[in-house]
Amino acid sequence: MKIAIGMIAAATLWTGSASAQDSQTRDEAGDAKREDVVVTAARTILPASALPLTVDVIDRETLSRQVAVSGSVVDAVSALLPAFSPTREKITGFGETLRGRSPLYAINGIPQTTPIRDGARDGYTIDPFFIDRVEVIYGSNALQGIGATGGVVNQVTVQAPKENGWSGRTLIQGNSGNDFSGASLGGKVAGLVSLRSGRFDATGGVAFERRGVFLDGRDRRIGLDGNQSEIQDTDSLSFFGRVGVDLSDTARFEVIANRFRLEGNNHYVPVDGNRTLGIPATSRPGTSPGQPSTGLAQMVSASLTDGDLAGGAFTLQGFYNRTSDTFGGGIIATFQDARIAPVGTLFDQSRNVSRKLGGKISYERAVPGLEALTLTAGFDALFDRTRQELVQTGRAWVPQTDFRSLAPFGQANLKLFDGLVRLAGGVRYENVQLDIPDYTTLATSGSRAVIGGKPSFRRALWNGGVVFEPVKGIRAYGSYAEGYTIADIGRVLRGISQPNIRIANFLDLTPVISNNREIGVEVNRGPLEASATYYWSSSDLGQLLVRNSDGFFNVSRQPIDISGLELNLAVRTPLPGLKVGTGFSHVTGRTDTNGDGIMDADLDGANISPDRLNLNLDYNRGRFSARVQGRYYLSRRFQGQPIANDFVGYRLFDAYIAYDVSGGRVMLSVQNLGNTDYVTYYSDTQGPTDNARFYTGRGRNFTLSWQAGF
């Protein structure tokens, strides 16, 4: 549900997930009414109405139903939010953008991305069964530090039980492609148990999912991505735990742990298609050499929060996060080395290993004697160590690199004229350093000896905004916020082919600074919910993904300008329980390809999403609920790009029905209801001569679920 919220302070800060409440009440017709909510990803205990930016909150009910339709949190967010690009329908998220830039995925505010060598699997680090809601903050900001040039996708885990005794829930799910063949069958079983005894509580859960092959609109097996790996034909096993104790009525200490492992079953091998003849890539039964593709994510966090410490809100959080991603392999041009094997015969695959340690501390309170002014101060620290190695030959593709970020911040929010106007603003000071050792590039890059170094970055990142609320339920706002990220360091390092490079003065490692400006209006009165937002952002030295002939991407540093318009409308109809809605996103992006200061070309499909229209019809009354939703991805011509990369567009419809029975709920979900046969946005706009990655999208897919709680 669209909530225009506010400016994020590139530094405002409240990280304790226990403080966020998705407050709803029901009117006599049973329709949900949204009250002021606190969004944990905004890192403040002020309500959303006090902050000038745009956020979507996807509650657990909506999320669980959408995941049943589309399979993952990433697919659910993409399906529901027009400003999010179409997914690649693979495990990798390369080219998936929010407002034309990369989003930062987080769990309870803990970043999941690997900034040094972005493996683009950060949307698959926890099972959706353990997610209570998803908070999506739009636009470049430094709210969570590095990475949120497009926004933040924060996954808030299940909350601690409030009542004494045992409670829990279970899920049993079956899934099939349109032909109901054994190869396309999948399923999931999950359970979560909680106990509260006085001030102590504990929660534990496990989820296992098996995915079959995916079928397109003509019941053909969809092609496998042998390099970046797959989500189809995989198993995943996830564990979640939480232990907490309420130290007082306002103070709490808790520890949360999560382990998610996804592994390919290696039952199929890819078969190239033929773009000229319109024959998509597919797969056949077989076994690929090398190790199975896997993704392992482990996270432990501990937090201490007190909502009334000396009249203010205090948060202290520490975390450890480790990921290990093994990618599929092949006899790929980039991996060839005549010193090891004859060129054209060497098989290899890569593994990305990253470890993060971090901590956050913040304190927020109203100024004594001037309660209209709320101040926040805090400090964030992040230490990341990442390397990418070639599994079969033991070569270093990206050397072990250390990243360090130290960031104090401050934020202020002033309420004027009894809330008619609010002013917000603040600053975050980033002190970043990289530590890159001496290393040698692969043979295909010339076996260049690169002299390492410790490039650093220090900058104050500002934000500011105003909120005007003339009457309850009608708000207008304007804001400015700076966000930053480092370019995909691993791609830059492994792609160096020039001699005598010294890392200390290598321009391509300069961080990406994005400036986000937006204005918006929100109306939430009676049966009407509507919002309109216009935004524009720029980067003097942006980051573009440029695709090589072998399917790997390199990074190109070019200026980028992006602008867009978002419209959303939802209306509760006179028929009790029935709601209709629509959403529209228009985004354009330009870049300077030759460095002459003129924006001479559109961003292509690897860097920006198509225009899009969403339509939906919801019914929720008594024990019965249903939804039908449509997505129209509109055709696009990319000026200054090859005509072969133009996007032809397509439309998709999904549906689900659910009924509450004694002891649980039964739900039937259908993805791609019309069984549309289409080429995915990524495949249609990239690699016009690449037959291996000529992928069609998923056809009609059925999911039958049974959910129960106690």
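The values are calculated or read from the model by the stated rules, or taken from the named source; none is laboratory data. Every value quoted in this text rests on a predicted model; they were computed, and no experiment measured them. Note that each Cβ is placed from the backbone with ideal geometry, even for glycine, and that neighbours are counted across all protein chains shown. To get the accessible areas, we keep the full protein, side chains included, count just its heavy atoms, and leave off ligands, DNA and RNA. Shrake-Rupley method; radii C 1.70, N 1.55, O 1.52, S 1.80 Å.
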### Query
L652 fails exactly one of the following numbered conditions: (1) more than 30 Å from L192 (Cβ to Cβ); (2) more than 25 Å from the chain's Cα centre (by Cα). What is the number of that condition?
(2)
#### Entry: Lone qualifier among F383, F457 - being exposed (fewer than 15 other Cβ atoms within 10 Å of the Cβ) and either modelled with pLDDT under 95 or assigned to a strand (DSSP E or B) (or both)
F383
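Listed here are the residues, each with its yes/no results for (1) of a type in the set (A, V, I, L, M); (2) open to solvent by less than 60 Å² (accessible area, probe 1.4 Å); (3) in contact with a Leu (Cβ under 9 Å, 6 or more places away or on another chain); (4) under 26 Å from Y682 (Cβ atoms).
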{"site": "T582", "(1), (2), (3), (4)": "no, yes, yes, yes"}
{"site": "H586", "(1), (2), (3), (4)": "no, no, yes, yes"}
{"site": "G589", "(1), (2), (3), (4)": "no, yes, yes, yes"}
{"site": "M599", "(1), (2), (3), (4)": "yes, yes, no, yes"}
{"site": "L603", "(1), (2), (3), (4)": "yes, yes, yes, yes"}
{"site": "S609", "(1), (2), (3), (4)": "no, yes, yes, yes"}
{"site": "N616", "(1), (2), (3), (4)": "no, yes, yes, yes"}
{"site": "G622", "(1), (2), (3), (4)": "no, no, no, no"}
{"site": "Q629", "(1), (2), (3), (4)": "no, yes, yes, yes"}
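Here's the yes/no breakdown for (1) of a type in the set (K, R); (2) buried (at least 22 other Cβ atoms within 10 Å of the Cβ); (3) assigned to a strand (DSSP E or B):
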{"site": "D418", "(1), (2), (3)": "no, no, no"}
{"site": "L423", "(1), (2), (3)": "no, no, yes"}
{"site": "Y429", "(1), (2), (3)": "no, no, yes"}
{"site": "V432", "(1), (2), (3)": "no, no, yes"}
{"site": "V450", "(1), (2), (3)": "no, yes, yes"}
{"site": "V466", "(1), (2), (3)": "no, no, yes"}
{"site": "E469", "(1), (2), (3)": "no, no, yes"}
{"site": "G478", "(1), (2), (3)": "no, no, yes"}
{"site": "G490", "(1), (2), (3)": "no, yes, no"}
### Message
So if I check each of F314, F327, which one is within 29 Å of the chain's Cα centre (by Cα), at pLDDT below 95 and of a type in the set (F, W, Y)?
### Response
F327
### Summary
Taking the range 496-528 and keeping only residues that are of a type outside the set (V, I, T) and surrounded by 22 or more Cβ atoms within 10 Å (Cβ to Cβ), one is left with S514, N516, E518, G520, E522
### Message
I'd like to verify a number: residues in the range 338-360 that are open to solvent by less than 10 Å² (accessible area, probe 1.4 Å) and either out of contact with any Gly (no Cβ under 9 Å at 6 or more places or on another chain) or over 30 Å from V300 (Cα atoms) (or both), how many?
### Response
2
### Task
At least 3 residues that are open to solvent by less than 40 Å² (accessible area, probe 1.4 Å), in contact with a Phe, Trp or Tyr (Cβ under 9 Å, 6 or more places away or on another chain) and touching a residue at least 40 places away in the same chain (Cβ under 8 Å) in each: list the strands (runs of 3 or more DSSP E) lying fully within the range 220-327 that qualify.
234-246, 251-264, 294-309, 312-326
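Which residues, counting only those in the range 492-533, are assigned to a strand (DSSP E or B) and either more than 30 Å from P574 (Cα to Cα) or acidic (D, E) (or both)?
R502, V512, I513, S514, N515, N516, R517, E518, I519, E522, E529 - these are the residues of the range 492-533 that are assigned to a strand (DSSP E or B) and either more than 30 Å from P574 (Cα to Cα) or acidic (D, E) (or both).
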### Task
Scan the range 70-111 for residues that are closer than 13 Å to I58 by Cβ and of a type in the set (V, I, T) and report the count.
3
### Query
Can N568 be described as in contact (Cβ under 8 Å) with a residue 12 or more places away in the chain and in contact with a Ser or Thr (Cβ under 6 Å, 6 or more places away or on another chain)?
yes
